[in-house]
Amino acid sequence: MDYLISVATIAGIYIIMAMSFYLPFMTGQISLGQAGFMAIGAYGSAVCSVKFGIPYVPAILIGGSVAGIVGFFVGIPALRIKGIYLLLLTLGFGEIIRVVFINVEYIGAAAGFPGIPYQDHSLLYSYIMVFILIIFFSRLRKSRMGRAFHAVGSDEDAAEVIGVNITSVKLIAFSTGGFIAGIGGGIFAHYQEYIEPLMFDVMHSVEFIVFTIFGGIQIFWGPMFGAFVLTMIPEFLRVIQEWRMELFGALLIIMMILRPQGVIGLDTIQGLKKVSSRILGRGLS
Amino acid sequence: MIFQQLINGLMLGANYSLVAIGYTLIFGVLGLLHFAHGEVLMAGAFMGFYIILWTDLPLYITLPLTMIATGALGIIIDLLAIRPLRKDFHLAPLLSTIGVTIILQNLAVKLFGGYGTRFPDAIKDYHFKIGSLFISSINILTLGISIFLMIALYFFISKTKIGKAMRAVSESHLTAGLLGVNVDWIVLLTFGIASALAGASGVMIGLAFHAISPFIGLTFALKGLVVMLLGGLGNVLGAMIGGLILGMAEVLAIVVLPTEINLQDIFSFGIMILILIFRPTGLFGTRITQG
Amino acid sequence: MILNIRNVAKQFNGFHALSNIGVDVAEGKIHAIIGPNGAGKTTLFNLISGVYDLTEGEIRFKDVVINQLKPHLRAKLGIGRTFQIVRLFGLMSVLENVMIGTHCKTRAGLLKTFLRFSRKELTEEKATRENATRWLEFVGLAHKADQTASNLPHAEQRLVEIARALALDPELILLDEPAAGMNLNETLKLDALISKINQMGKAILLIEHNMELVMEISHVITVLNFGMKIAEGVSSEIQNNPKVIEAYLGRKK
């Protein structure tokens, strides 16, 4: 039971991280630095708890906010560049954050930051955050900003000409992504009790991308599904557990060849709607 | 002291160059960030390691053998993970090579263990004393091999027919195809050459640092990316010079900056971010070669 | 005059795409820009809507100098446009595509969307939706509102683009080859639609290769060739202008 709870908690945190990648991704910004924002949230909230005795929820919100603010400032240079250049910028940012944390004695440097107060209800809190994200993203889809996100993501030049302020849209998306990642980091830190810079290296950012792309990029259920399934399944199949990462890699390549839009696409949702209406219709008649 | 460090910096930088050339060649012909390129280097280091360990062959055979093996690995990556992709999703090749990275790195951890492995001394290391300087013969040798490979590559690209075909493909697949260049074959060859260079670099890193691990790929991949950017995406000559610049700059940074803080990595990533912000075309512009 | 283009020039790496262009568009008129391929018509549109910065000259809209403004601010001032190659947002529905058109006239931000502090955001969303539906009805596509934009036939996608530009309620609308790829029947409908937009008092700047359409509906026609203005006038003047005939048919020997 404890094992199940621990796996589910980590899955919840990974869902949060996948969504933090997905939000800027919607506007066409691909970030290899989400683990860096996670680190900022984790260390920020840990400092609040340990050094200042700030309670759990505000500590995590502060950690998230700091990550969001940093996201805003990283987002400014990110505005001018695209594609491979943006990828390199965010990658460089993530690595710099990690190296900075390695060198700061105040938070334990390379030896890590121990003694973070353990949160008993991490599972609850992580899924509260997931729930908030579900509401957020489903409202976003049918809102002014959500439409702008999609527009900028699919053709930013056209979007700008028809009146979308792409500067503000991209910055908002990027820094909100940073904020979400920071929240994920805060929950993670208070669940692990101990954090070290190695936990936030670039391969973790890569993992969040894998979750998102595997799950699907057309609608927000995709990354949620991807993060949950790819975290849960290997935990329950011993054979897979050992070869988990190799399987992720192979899965990613196969997905790119066979179904680049990910497992959950718009067609999946339409199909589900059709099936459910058919079942409901039959039940009624 | 500083002069001695500069030699070390050149040696380090020449290896950065070799990695960056691979990136930039593949970027040139495919417009692709080959994320798994660093893992090819790591694979090369371990291949070299086992060739030396099992066969005790001399370096001048081990090195070409490793290059052939990693070249083949690169070709397999192209065939399995790049070519089958459809063209309609522009991130597909990047993500697919991320998949390759994950597979290679984790396989390496399983096969070789997650810790460093001592690299055998394939050649004896002499230390020359010139005036007050100690210079390692391995450093000189690796620097020499790297520079030889770079010059050979440069002549290959700028003077041979195949090299010209590579440049045509990097300008435009369509035009090159119309001119009768077999684009698929050139792409495959480019993967082969880039990967062979990475393999050579892997062996030389093993020789120079006396230790390898499954994670050296990522370290050198990141440095290679910085150098590619410094030299300009797709610019081979830029990658050569950029690598030497970064290698020396890093070593000088260690000498000049306070030693108790590990600033080396911040330094190179800082350079990368500054370039991205102020001069995304790199120092020398984006072109496969000026030749 | 709603739009004044004064001595405008645009160079790309030394190539003179446009030189010394002066065009005035009057309120409520249909003004066509014609010329052979490569004459610089779309470049001119891109200068007006802010896709490119101009090299020389000045563009005024409603007496405001706009050539330093970002594209979205020009849209907000009241310049709508469509594109030569249709640029709808493929995965969104037709209605959502048109709703985007009002983006710069509405306010709801991310936080308010999420928290819904007041009824204001919901009211605004409803108004946006009603406005978009109205414009879809106007172009005759209300019945396709919920379809995915990229699934529509080409001619209908062009109409959605027009509806998207109209949703902004612009005073000037730039139409870049709206009839391209349309059959005769669709072109006739488009013809009527452009006149209808014009009757609402909106000025229209039109690039079009279909000369029948241009001659029939334009009040003024400007002819460009090799980046220069070679003629301007009403359709009868243009049709008989020897320079124009030469530009289109080549030098007669």
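The values are calculated or read from the model by the stated rules, or taken from the named source; none is laboratory data. Here the structure is a predicted model, which means the values were calculated and not measured. With ideal geometry, Cβ positions are generated from the backbone for all residues, glycine too; neighbour counts draw on all protein chains shown.
With surrounded by 15 or more Cβ atoms within 10 Å (Cβ to Cβ), more than 18 Å from the chain's Cα centre (by Cα) and either within 14 Å of chain B (Cβ to nearest Cβ) or on the phi < 0 side of the Ramachandran plot (or both) as the only criterion, which of A:I264, A:I233, A:I254 stands out?
Working: A:I264 fails: more than 18 Å from the chain's Cα centre (by Cα); A:I233 fails: surrounded by 15 or more Cβ atoms within 10 Å (Cβ to Cβ).
On inspection, the qualifying residue turns out to be A:I254.
Inside the range C:123-148, residues that are at the interface with another protein chain (Cβ under 10 Å from one of its Cβ atoms) and either within 19 Å of C:G80 (Cα to Cα) or in a helix (DSSP H, G or I) (or both) make up a count of 4. If you check A:I195, A:I213, A:I219, A:I209 for being within 14 Å of chain C (Cβ to nearest Cβ) and either touching a residue at least 60 places away in the same chain (Cβ under 8 Å) or surrounded by 24 or more Cβ atoms within 10 Å (Cβ to Cβ) (or both), only one passes: A:I219. If you check A:Y22, A:Y56 for being within 14 Å of A:Y125 (Cβ to Cβ), at pLDDT 95 or above and in contact with a Gly (Cβ under 9 Å, 6 or more places away or on another chain), only one passes: A:Y56. Checked against (1) in a helix (DSSP H, G or I); (2) within 14 Å of chain A (Cβ to nearest Cβ); (3) within 22 Å of the chain's Cα centre (by Cα), B:F35 passes all but a single condition, namely (1). Of the residues making up the range B:254-278, those that are modelled with pLDDT under 80 and either in contact with a Phe, Trp or Tyr (Cβ under 8 Å, 6 or more places away or on another chain) or outside any helix (DSSP H, G or I) (or both) are B:L257, B:P258, B:T259, B:E260, B:I261, B:N262, B:L263.
Listed here are the residues, each with its yes/no results for (1) at pLDDT 90 or above; (2) of a type outside the set (A, V, I, L, M); (3) at positive phi; (4) not in a loop (DSSP other than H, G, I, E, B).
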| residue | (1), (2), (3), (4) |
| --- | --- |
| C:P178 | yes, yes, no, no |
| C:E186 | yes, yes, no, yes |
| C:A192 | yes, no, no, yes |
| C:I204 | yes, no, no, yes |
| C:H209 | no, yes, no, no |
| C:I221 | yes, no, no, yes |
| C:E232 | yes, yes, no, yes |
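Exactly one residue out of B:G192, B:G232 is within 14 Å of chain A (Cβ to nearest Cβ), at pLDDT 85 or above, in contact with a helix residue (DSSP H, G or I) (Cβ under 7 Å, 6 or more places away or on another chain) and farther than 18 Å from B:A14 by Cβ, and it is B:G232.
Once the range B:77-91 is narrowed to residues that are assigned to a helix (DSSP H, G or I) and surrounded by fewer than 17 Cβ atoms within 10 Å (Cβ to Cβ), the residue that is nearest to the other protein chains (Cβ to nearest Cβ) is B:L80.
Of the residues that make up the range B:182-205, is at least one outside any helix (DSSP H, G or I) and at positive phi?
Of all residues in the range B:182-205, those outside any helix (DSSP H, G or I) come to B:182.
Cutting the leftovers down to at positive phi gives us none.
The answer is no, given that none of the residues of the range B:182-205 is outside any helix (DSSP H, G or I) and at positive phi.
Pick from the range B:45-76 the residues that are in a helix (DSSP H, G or I) and over 21 Å from B:N15 (Cβ atoms): which of them is nearest to the other protein chains (Cβ to nearest Cβ)? Write out each step before concluding.
Taking the range B:45-76 as the starting set, the residues that turn out to be in a helix (DSSP H, G or I) are B:45-55, B:59-76.
Retained after the next criterion (residues that are over 21 Å from B:N15 (Cβ atoms)): B:53-55, B:72, B:75-76.
Working: B:L53: 25, B:W54: 25, B:T55: 28, B:A72: 18, B:I75: 16, B:I76: 12 Å.
Restricting to residues being in a helix (DSSP H, G or I) and over 21 Å from B:N15 (Cβ atoms), the top hit is B:I76.
Take B:T142 and tell me if it is under 29 Å from A:R244 (Cα atoms), buried (at least 17 other Cβ atoms within 10 Å of the Cβ) and not aliphatic (A, V, I, L, M). Can you show your working first?
Working: under 29 Å from A:R244 (Cα atoms): no; buried (at least 17 other Cβ atoms within 10 Å of the Cβ): yes; not aliphatic (A, V, I, L, M): yes.
For B:T142, the condition - under 29 Å from A:R244 (Cα atoms), buried (at least 17 other Cβ atoms within 10 Å of the Cβ) and not aliphatic (A, V, I, L, M) - is not met.
When you scan the range C:145-158, do you find a residue that is touching a Pro at 6+ places or on another chain (Cβ under 7 Å) and surrounded by 23 or more Cβ atoms within 10 Å (Cβ to Cβ), even just one?
Taking the range C:145-158 first, the residues touching a Pro at 6+ places or on another chain (Cβ under 7 Å) are C:158.
Going one step further and asking which of them are surrounded by 23 or more Cβ atoms within 10 Å (Cβ to Cβ), we end up with C:158.
Yes, the conditions are met somewhere in the range C:145-158.
Within the set C:T113, C:T102, the sole residue that is crowded, with 16+ Cβ neighbours inside 10 Å, under 16 Å from the mean Cα position of the chain (by Cα) and over 24 Å from C:I207 (Cβ atoms) turns out to be C:T102.
Of the residues screened, A:T90 is not one that is under 17 Å from the mean Cα position of the chain (by Cα) and closer than 27 Å to C:M92 by Cα. Anything in the range C:198-230 that is of a type in the set (A, V, I, L, M) and either over 16 Å from the mean Cα position of the chain (by Cα) or surrounded by fewer than 22 Cβ atoms within 10 Å (Cβ to Cβ) (or both)? List them, or say none. Across the range C:198-230, the qualifying residues are C:M200, C:M211, C:L213, C:V214, C:M215, C:I217, C:V220, C:V223, C:L224, C:M228, C:I230. Per the listing C:L47, C:L115, C:L88, C:L110, the residue uniquely within 11 Å of chain A (Cβ to nearest Cβ) and at pLDDT 90 or above is C:L88. Taken over the range A:35-91, the residue count meeting the criterion of being more than 13 Å from A:S175 (Cβ to Cβ), away from chain B (no Cβ under 14 Å) and aromatic (F, W, Y) is 3.
Within the range C:67-94, if we keep just the residues that are within 24 Å of C:N7 (Cα to Cα) and among the polar types (S, T, N, Q), the residue that is surrounded by the most Cβ atoms within 10 Å (Cβ to Cβ) turns out to be C:N67. The residue that is farthest from the other protein chains (Cβ to nearest Cβ), counting only those in the range C:67-85 that are under 13 Å from C:N46 (Cβ atoms) and in a strand (DSSP E or B), is C:I79. Set side by side, the residues C:K41, C:K10 differ, and just one is more than 17 Å from C:T82 (Cα to Cα) and basic (K, R), which is C:K10. Under the condition of being out of contact with any helix residue (DSSP H, G or I) (no Cβ under 7 Å at 6 or more places or on another chain) and at the interface with chain A (Cβ under 7 Å from one of its Cβ atoms), the residues counted in the range B:92-131 number 0.
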